[in-house]
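What follows is calculated from the coordinates using simple rules that are stated; it is not laboratory data. Please read these numbers as outputs of a predicted model, since none were measured by experiment. Cβ coordinates were reconstructed from backbone atoms using ideal geometry, including for glycine residues, and neighbour counts include every protein chain displayed.
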Amino acid sequence: MDIRAIFMGLAFALMWSSAFTSARIIVTNAPPLAVSSMRFFIAGVVTLIIARMLGQSFRLTPQQWWLTIVFGICQNALYLGLNFVAMQTIEASVAAIIASSLPLWVALAGWLISGETIRPLGVLGLIGGFAGVALIMGTRLNAGVDPFGVLLCGIAVLALTFATLAVKGASSGGNMFAVVGYQMLIGSVALAVPAQFETWDFNWSPTLIAAILYTIFVPGVIATIVWFWLVNRIGTVRASTFHFLNPFLGVAIAAIFLGESLGALDLIGVAIITVSILAVQIAKARALT
């Protein structure tokens with residue numbers, strides 16, 4: 001893995017982790033599905049403009065179209081939409097911890113569905129990672145966290161698992177910016193329907209506007225493009241290694257900007273998840289060599 005890929009991977013982890021904090025600010029001041037549909041539409045249009053400026057074609061192969069639709073629905077409509085709804089009642093750090101289990105679910109899906117071999121280190125990582133999540137969730141549930149919000153985040157990360165498995169095929173035919181733009185627009189359309197049943201009550205303020213703009217352009221457009229770039233450059237397995245930073249970064253950013261508290265068991269659980277994700281990714285990388 002070259003220096004450029006490492007730098008881009010670290011940048012992706014930071015941007016991806018920060019999305020939970022900005023999302024928490026948004027959903028406490030605006031209807032989650034309506035604002036999500038709006039931001040996906042803006043992000044999609046901006047990304048397609050970039051694609052045109054770079055001379056990319058708006059034409060995709062049939063396989064690209066199919067996988068782009070799957071990715072747009074799973075990541076944007078289901079994963080991000082459900083997380084936005086959930087964060088009306090749960091803290092950003094809780095959503096970040098659940099979402100950070102993505103590499104564990106991807107590895108487990110590869111094992112159970114695709115028959116991929118998992119080395120002993122990977123098995124230990126899976127056990128440890130899910131144990132860390134269970135430790136934190138058990139502590140939070142006992143402290144009164146909304147179980148329905150936790151359930152929505154759980155469904156969301158499963159949707160993102162399928163989206164992750166589809167990324168490679170969706171971007172393998174070129175026109176990466178067009179693919180990203182289309183999947184944003186697909187997410188926007190998918191969320192526009194349920195958004196009609198929300199109460200459109202916006203508490204406009206400079207903070208809300210800044211959070212929306214940040215979410216659109218940083219974790220929305222830039223992080224998604226960086227992720228596609230990473231997958232194409234170093235592969236899904238190695239790119240997913242950078243997710244091991246997300247548990248720590250997600251809770252740290254939420255603590256700094258939102259003042260969310262962290263208990264001793266939270267810190268222990270985050271440490272276990274972080275080490276476990278790294279173990280799973282190391283085991284998968286060794287399996288490829």
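Rounded to the nearest Hz, the phi-derived 3J(HN,Hα) couplings of region 156-164 under the Karplus curve 6.51 cos²θ - 1.76 cosθ + 1.60 (θ = phi - 60°) are 4, 5, 5, 5, 5, 4, 5, 5, 4, where x marks glycine and proline.
Place a +1 charge on the Cβ of each Lys and Arg in the chain and a -1 charge on the Cβ of each Asp and Glu, then give the dipole magnitude about the Cα centre in debye, rounded to the nearest 20. Don't skip to the end; give the middle numbers.
Working: 12 positive and 8 negative charges, 175 e Å.
Here the size comes out at about 840 debye.
Between the amide H of residue 100 and any residue lying 5 or more places away or on another chain, no distance stays under 5 Å, with hydrogens modeled in the peptide plane. Modelled spin labels at residue 88 and residue 148, positioned 7 Å past Cα toward Cβ, are 0.9 nm from each other. Listed from fewest to most Cβ neighbours within 10 Å, the set 16, 204 follows the order 204, 16. Using the Karplus relation 6.51 cos²θ - 1.76 cosθ + 1.60 with θ = phi - 60°, the per-residue 3J(HN,Hα) values for region 251-258 come to 6, 5, 5, 5, 5, 6, 8, 10 Hz, with x marking Gly and Pro.
Please report 224, 117 as a ranked list, fewest other C-beta atoms within 10 angstrom at the top and most at the bottom. Walk me through the numbers on the way to the answer.
On the way: 224 25, 117 10.
With the fewest neighbours first, 224, 117 line up as 117, 224.
With neighbours defined as other Cβ atoms within 10 Å of a residue's Cβ, the residues 198, 260 order from fewest to most as 198, 260.
Starting from 0.36 nm per residue, how many nanometres of slack lie between residue 210 and residue 198 once their C-alpha separation is accounted for?
2.1 nm
Distance between the pseudo-spin-label points of residue 2 and residue 116 (7 Å out from Cα toward the beta carbon): 2.5 nm.
Toward the positive end of the charge dipole of the chain, with +1 on the Cβ of Lys and Arg and -1 on the Cβ of Asp and Glu, the farthest Cα among 249, 228, 195 is that of 228.
Relative contact order for the chain: 41 percent, from Cα pairs under 8 Å spaced at least 6 residues apart, divided by residue count.
For region 17-22, backbone phi angles converted through the Karplus equation (6.51, -1.76, 1.60; θ = phi - 60°) give residue-by-residue couplings of 5, 6, 4, 5, 5, 5 Hz, Gly and Pro being listed as x. Each Lys or Arg adds one and each Asp or Glu subtracts one; over the other residues with Cβ under 9 Å from the Cβ of residue 31, this totals -2. Using the Cβ-Cβ distance between residue 58 and residue 222 with R0 set to 30 Å, the FRET efficiency works out to roughly 0.90. Using only the C-alpha atoms, the convex hull of the chain corresponds to 129 Å³ per residue.
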